[in-house]
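K.L.:
This is the structure I have questions about; it appears just below.
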Amino acid sequence: MKIKDHRVLRFIFAILVGGMISSCESKEEAKRPNFLFVLVDDQSPFDLQVYDAKSILETPNISKLASSGMVFESARHMGSMNGAVCTPSRHMIMTGRTLWHLPPSAQFQKQTDPHPLDEQSLPAVFNRAGYQTMRTCKAGNSYPGANRLFSVVKDATKRGGTDDTGSAWHAEQVLDYLGDREATKEEDPFLIYFGFSHPHDTRDGTPELLEKYGAVNHKDENSLPPANPKQPPLQENYLIEHPFFHGHPQLRDEERVSGVWKNRDEQTVRNELGREYACSENIDIQLGKVLQKLKDMGELDNTYIIYTSDHGMSIGRHGLMGKQNLYEHTWRVPFIVQGPGIKAGQRVEGNIYLLDVLPTLCDLAGIEIPETVEGKSFKPLLTGEKQTIREVQYGVYCGGTKPGMRTVRKGDWKLIKYDVMDGEVRETQLFNLAENPHEYLPEHQMTGKMETNLAGLPEYEAKLEEMEALLLDQMQKHDDPYKLWNQE
Ligand SMILES: [Ca+2]
């Protein structure tokens, strides 16, 4: 072949290769992200070192997600109209709807007739967009009409202390699913709803982790669990009892949790915290296995990982044990996102609700957000364009006597109202969260001037009035069907 022919061939070759590279690039650009949505059951953000550096709970994988992604300071659920706070919370995640606009199954805790919103829920929307959807989670206290729409469903309640009966089982379902994708060379992007049944009670930890946190799976109602210096210390805002009745008679979480019952003494609370931590560390270990698998498959860098809980938890804080209150430990949820384009090690205020998850995932995937969604995409937070997506947040507990508890927060200020037991309990709490982040009450006997409930103090009268008006406004905007005693 002549030299000139070589040049021509090289020229043709260059065009061909160039074309291939640019077509690879456009294919790469068009590659849609995967989602791993991790939802734990009943976890206060303050259990995690990500939110409380003093916590002795070790969760290295969650901490690593935080240091390589974004941590949300103000992520909240909007509340509940029944005692099983899990149920409406999970409806809000699935539909992006606000509390009083959910399908009836949110209130009645069982599948009612198919509802039009089922077809606008997270799995339905992602299925239509060509995603492969998979879920594992506890069974029950959820949204059956949406759950059944995932293309692969592996639900079972797993709260035991072994691999088969505990959190390892949920991880196993995800690992199996990812293994199947590998085997069949599946190319479509995935959305995995990776739910755990723990650390919700019964908090039966594995023997090694119980030992680490000095706890036992206490089962005898007539004795106290043994004290052990390895147990987590009592929280800063622990109280031996809540100063007034919370308003939900015979509430399971406050009276019948195995290992605790109605006890609020130091031994019981520290043992139960040890059990909670044992279950939470096990979740972290299981999460680590799935993250490692995604890395091995080369999918980790193209996957958004969202870590959160359906709501927080008290376990001794303010003398309460359950999730049926609106203090920060329970109204807030842990919320961490790692993924493509998110700068490492950021913390953001956010002011997000769990009901913002669906529109955000749609936004990140380039899917049109269903018109039924009332939440907002917080993608502008993930890209660093904004620090918050709303100014005011509203919360409800309406599962006991009515109208129940309501809260509103704006900036440093937070109001909680209790109107329960047919008017027998009418209480108002005003906190400055910058000065009193643990929401200390007079019973905590703190010395700081603002480390207490500020409602009723003359210098905060104007602020209280402003927050009362803000609460009423939020209740009306959200179609809250109730009014409090002092609302016209
Ligand atoms: Ca829950």
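The values are calculated or read from the model by the stated rules, or taken from the named source; none is laboratory data. Remember, it's a predicted structure, so these values are computed and weren't measured experimentally. For neighbour counting, all protein chains shown are included, and Cβ atoms are generated from backbone atoms with ideal geometry for every residue, glycine included.
K.L.:
Do you know which of the residues in segment 106-136 that are surrounded by 24 or more Cβ atoms within 10 Å (Cβ to Cβ) and of a type in the set (Gly, Ala, Ser) is farthest from TYR304 (Cα to Cα)?
P.N.:
By that ranking, first place goes to ALA106.
K.L.:
From the list GLY384, GLY375, pick out the single residue that is within 22 Å of HIS101 (Cβ to Cβ), assigned by TED's automatic domain parsing to the domain that holds ASP363 and touching a residue at least 40 places away in the same chain (Cβ under 8 Å).
P.N.:
GLY375
K.L.:
Would you mention how many residues in segment 112-165 are over 24 Å from ASP180 (Cβ atoms), over 21 Å from the mean Cα position of the chain (by Cα) and among the small types (Gly, Ala, Ser)?
P.N.:
Residues flagged as over 24 Å from ASP180 (Cβ atoms), over 21 Å from the mean Cα position of the chain (by Cα) and among the small types (Gly, Ala, Ser) within segment 112-165 amount to 2.
K.L.:
Going through segment 263-298 one residue at a time, which ones are more than 16 Å from the ligand (Cβ to nearest atom), under 19 Å from the mean Cα position of the chain (by Cα) and acidic (Asp, Glu)?
P.N.:
GLU281, ASP284
K.L.:
Looking at segment 374-391, which of its residues are part of a helix (DSSP H, G or I) and within 18 Å of the chain's Cα centre (by Cα)?
P.N.:
The answer is LYS379, LEU381, LEU382.
K.L.:
Which one is nearest to the ligand (Cβ to nearest atom) among residues in segment 36-54 that are touching a residue at least 40 places away in the same chain (Cβ under 8 Å) and either surrounded by fewer than 21 Cβ atoms within 10 Å (Cβ to Cβ) or in a strand (DSSP E or B) (or both)?
P.N.:
Checked segment 36-54; the qualifying residue nearest to the ligand (Cβ to nearest atom) is ASP41.
K.L.:
Right, another one. Just give me the residues in segment 61-71 being under 29 Å from ARG270 (Cβ atoms) and either part of a strand (DSSP E or B) or in contact with a helix residue (DSSP H, G or I) (Cβ under 7 Å, 6 or more places away or on another chain) (or both), in sequence order.
P.N.:
Scanning segment 61-71 gives ASN61, ILE62, VAL71.
K.L.:
How do the pairs read when you match residues in segment 464-488 that are free of Cβ contacts under 8 Å to residues at least 40 places away in the same chain and more than 24 Å from ARG390 (Cα to Cα) with residues anywhere that are small (Gly, Ala, Ser) and surrounded by 17 or more Cβ atoms within 10 Å (Cβ to Cβ), using Cβ under 7 Å and keeping only pairs 6 or more apart or on different chains?
P.N.:
Short answer, once both residue conditions are applied: none.
Residue-by-condition table, conditions (1) closer than 20 Å to GLY366 by Cβ; (2) at pLDDT 95 or above:
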site	(1), (2)
ASP113	no, no
PHE126	yes, yes
ASP176	no, yes
LYS185	no, yes
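K.L.:
Identify, by number, the condition in (1) closer than 25 Å to GLY322 by Cβ; (2) touching a residue at least 40 places away in the same chain (Cβ under 8 Å) that TRP413 doesn't meet.
P.N.:
(1)
K.L.:
Answer yes or no: is there a residue in segment 196-208 that is surrounded by 14 or more Cβ atoms within 10 Å (Cβ to Cβ), part of a loop (DSSP other than H, G, I, E, B) and among the acidic types (Asp, Glu).
P.N.:
yes
K.L.:
Got a sec? Which of LYS262, LYS289 is in a helix (DSSP H, G or I), in the same structural domain as VAL174 (by TED's automatic domain parsing) and surrounded by fewer than 19 Cβ atoms within 10 Å (Cβ to Cβ)?
P.N.:
LYS289
K.L.:
Let me ask you something else. Since SER74 meets every condition but one in (1) farther than 26 Å from LEU291 by Cα; (2) under 16 Å from the mean Cα position of the chain (by Cα), which condition does it not meet?
P.N.:
It fails just one condition, (1).
K.L.:
Turning to a different aspect of this structure: If I ask for residues that are away from the ligand (no atom under 16 Å from the Cβ) and either buried (at least 24 other Cβ atoms within 10 Å of the Cβ) or under 22 Å from GLY214 (Cα atoms) (or both), which ones from segment 73-96 would you list?
P.N.:
Scanning segment 73-96 gives THR95, GLY96.
K.L.:
Could you say whether any residue in segment 189-196 is within 24 Å of LEU361 (Cα to Cα), in contact (Cβ under 8 Å) with a residue 60 or more places away in the chain, among the small types (Gly, Ala, Ser) and within 16 Å of the ligand (Cβ to nearest atom)?
P.N.:
Within segment 189-196, one or more residues are within 24 Å of LEU361 (Cα to Cα), in contact (Cβ under 8 Å) with a residue 60 or more places away in the chain, among the small types (Gly, Ala, Ser) and within 16 Å of the ligand (Cβ to nearest atom).
K.L.:
For segment 434-454, state whether one or more residues are without any contact (Cβ under 8 Å) to a residue 12 or more places away in the chain and among the acidic types (Asp, Glu).
P.N.:
No, segment 434-454 contains no residue that is without any contact (Cβ under 8 Å) to a residue 12 or more places away in the chain and among the acidic types (Asp, Glu).
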